[in-house]
Amino acid sequence: MVQETLQSEDEVEESYENHVGDTKITDRQGETISDRRDVLVSILEEDMGIEDSRLIGSFTRGTMTGPLKQDSDADVMVVLDADKHRDWIEQENGPTNALRAIKRRIENDPRFSQTEVRVDQNVVQVKYHDSTIEIAPAFRYSEVPHADHPRDGFNLFNDASDGYAIPDTHGQQSWQGTNPREYKQMFEARDQAHNGRVSGLTRAMKTWADRNNVPVRSYHMETMVYNYFEEKARRGEPVPSSYNELTREFMRTLPNRVHGKAKEPVYNESVDKGMGQEDRNAAAKKAKKASEKLEEAKRLKDQGKTEEAMEKLKEVHGKDFN
């Protein structure tokens with residue numbers, strides 16, 4: 001009986017490993033995104049004064065999920081020449097003007113005459129048939145004297161001065177400090193400490209949310225997963241070594257996380273500002289239902305009913321979970 005239980009655990013964990021692997025984008029898809037970034041940056045470099053550009057976001061942290069579809073977004077930050085674009089720094093509506101200028105420049109290129117290009121809050125979205133590139137204009141933080149510091153008060157370890165200022169158009173027009181490089185380093189360190197399971201669990205949970213129409217934004221889900229690992233480290237608690245246990249434990253905590261405040265680790269900013277109570281309730285309800293199914297799958301597996309357990313896991317993760 002012990003041997004059968006161990007065998008069933010191995011089978012379930014192998015299915016999880018395969019599932020997590022399948023959530024990655026392919027090398028070819030990654031190359032396509034990089035090529036598109038190069039084309040867009042080359043268009044902007046012609047007359048907009050671009051000092052630097054880089055892919056940021058989930059693409060660089062290994063949490064972008066595949067297969068790609070139109071709302072799969074990859075983020076590109078373009079660092080503008082502050083001397084050339086001093087008006088955008090000083091004007092009251094400078095952030096919006098910067099975004100509109102980038103939108104016009106891309107739209108005027110014949111290659112994008114049939115492509116949807118639009119401003120969406122603090123980025124310019126370029127929508128391809130299988131993914132979206134989101135362009136965030138930026139200045140070096142030190143070059144925008146009135147840029148909002150993303151954290152109240154000065155903090156030596158989370159200073160924005162080595163980062164960038166990007167548009168903040170959610171409320172009043174302003175430039176907001178950010179440091180994607182710092183967050184990437186923190187995320188990668190935590191991911192490496194857990195043998196890639198931070199990025200793996202993030203992709204699996206994003207995929208679950210997408211397939212089940214859970215109203216949680218991609219970055220919000222990533223932050224909740226990252227914070228789960230951080231909390232474990234802070235309390236000195238062990239993290240499950242298998243995706244099977246890890247997913248079940250994280251899902252058990254998800255309803256409370258959705259109802260709580262999710263804050264990114266560098267500046268402690270809320271990443272769930274636009275999430276209303278109705279969406280929180282709906283997401284928590286779906287997470288609770290999924291958690292119950294995962295617990296039922298564990299009970300069935302412990303009884304040696306591996307096939308029944310796998311069917312229950314498919315109800316959570318999809319019919320291709322095998």
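The values are calculated or read from the model by the stated rules, or taken from the named source; none is laboratory data. Since the model is a prediction, treat every value here as computed from it, not as a measurement. Every residue, glycine as well, gets a Cβ built from its backbone with ideal geometry; the counts of neighbours run over all protein chains shown. Quick note on the areas: whole protein, heavy atoms, side chains included, nothing else; ligands and nucleic acids left out. Shrake-Rupley method; radii C 1.70, N 1.55, O 1.52, S 1.80 Å.
Determine how large the accessible area of H19 is when every protein chain is in place; take a 1.4 Å probe and give Å² rounded to the nearest 10.
10
Of the chain, which part is the longest with no GluC sites (Glu not before Pro) in a loop (DSSP not H, G, I, E, B) and with at most 12 other C-beta atoms within 10 angstrom?
93-322
On a 0 to 90° scale, report how tilted helix 197-211 is relative to the longest principal axis of the chain, with both axes built from alpha carbons and the result rounded to the nearest 10.
90
On average, how much accessible surface per residue is there in segment 91-135, in Å², for a 1.4 Å probe, leaving out ligands, DNA and RNA?
Per-residue accessible area for segment 91-135 comes out at 50 Å².
Mind putting a number on the dipole of the chain about its Cα centre? Charges go on the C-beta only, +1 for Lys and Arg and -1 for Asp and Glu, and I need it in Debye to the nearest 20.
In total the dipole reaches around 900 debye.
Divide by every residue of the chain the summed helix terms, -39500 (n - 2.57) for each DSSP H run of at least 4, and state the resulting mean residue ellipticity at 222 nm, rounded to the nearest 500 deg cm²/dmol.
Helix-only estimate at 222 nm: -17000 deg cm²/dmol.
Would you mind counting up the charge near W175? Only other residues with Cβ under 9 Å from its Cβ, with Lys and Arg at +1 and Asp and Glu at -1.
With Lys, Arg at +1 and Asp, Glu at -1, the net is -2.
Could you compute how much accessible surface S113 exposes when probed at 1.4 Å, giving the result in Å² to the nearest 10?
For S113, solvent-accessible area is about 80 Å².
How far, in nm, would the chain grow between K319 and R234 when pulled straight, counting 0.36 nm per residue and subtracting the alpha carbon separation?
26.9 nm
Could you sort I106, I166 by accessible area so the largest value comes first, with the probe set to 1.4 Å?
Output order, biggest surface exposure first: I166, I106.
Simple spin-label model, 7 Å along Cα-to-Cβ: S241 to E11 in nm?
Label at S241, label at E11, 2.3 nm between them.
In whole Hz, what ³J(HN,Hα) sequence does segment 18-31 give by Karplus (6.51, -1.76, 1.60; θ = phi - 60°), x for Gly and Pro?
Values per residue, Gly and Pro as x: 5, 4, 5, x, 6, 7, 6, 6, 7, 4, 5, 5, x, 5 Hz.
If each residue of separation counts as 0.36 nm, what is the full-extension length gain between H129 and D83 once their alpha-carbon separation is subtracted?
The span from H129 to D83 would gain 12.9 nm if fully extended.
Could you order R203, R111 by accessible surface area, starting with the largest, using a probe radius of 1.4 Å?
Order by accessible area, largest first: R111, R203.
On the accessible surface of the chain, probed at 1.4 Å, how many percent belong to carbon and sulfur atoms?
43
For the chain, take the longest principal axis of its alpha carbons; what is the angle in degrees between that and the long axis of helix 180-193, to the nearest 10 within 0 to 90?
20
Please determine, in degrees from 0 to 90 and to the nearest 10, the orientation of helix 218-235 with respect to the longest principal axis defined by the Cα atoms of the chain, where the helix direction is its Cα long axis.
The helix 218-235 is inclined about 60 degrees to the chain.
Work out the length of the dipole vector of segment 211-322 about its Cα centre, built from +1 on the beta-carbon of each Lys and Arg and -1 on the beta-carbon of each Asp and Glu, and round it to the nearest 20 debye.
The calculation lands at about 220 debye.
To the nearest 10 square angstrom, what accessible area does D27 show with a 1.4 Å probe?
Per-residue accessible area (D27): approximately 130 Å².
Once amide H atoms are placed 1.01 Å from N in the peptide plane, what residues at a sequence separation of 5 or more from D73, or on another chain, have their amide H within under 5 Å of its amide H?
T132
Please compute the length gained on full extension between Q185 and R100, using 0.36 nm multiplied by the number of residues separating them and subtracting their Cα-Cα distance.
Net length gain for the segment: 27.5 nm.
Please go through the residue pairs K69/K314; K273/K314; K69/K298; K263/K285; K127/K184; K69/K301 and name each one whose alpha carbons sit more than 28 Å apart in this structure.
K273/K314; K69/K298; K69/K301
Suppose R0 equals 51 Å; then what is the FRET efficiency for N93 and N281 from their Cβ-Cβ distance, rounded to the nearest 0.05?
0.90
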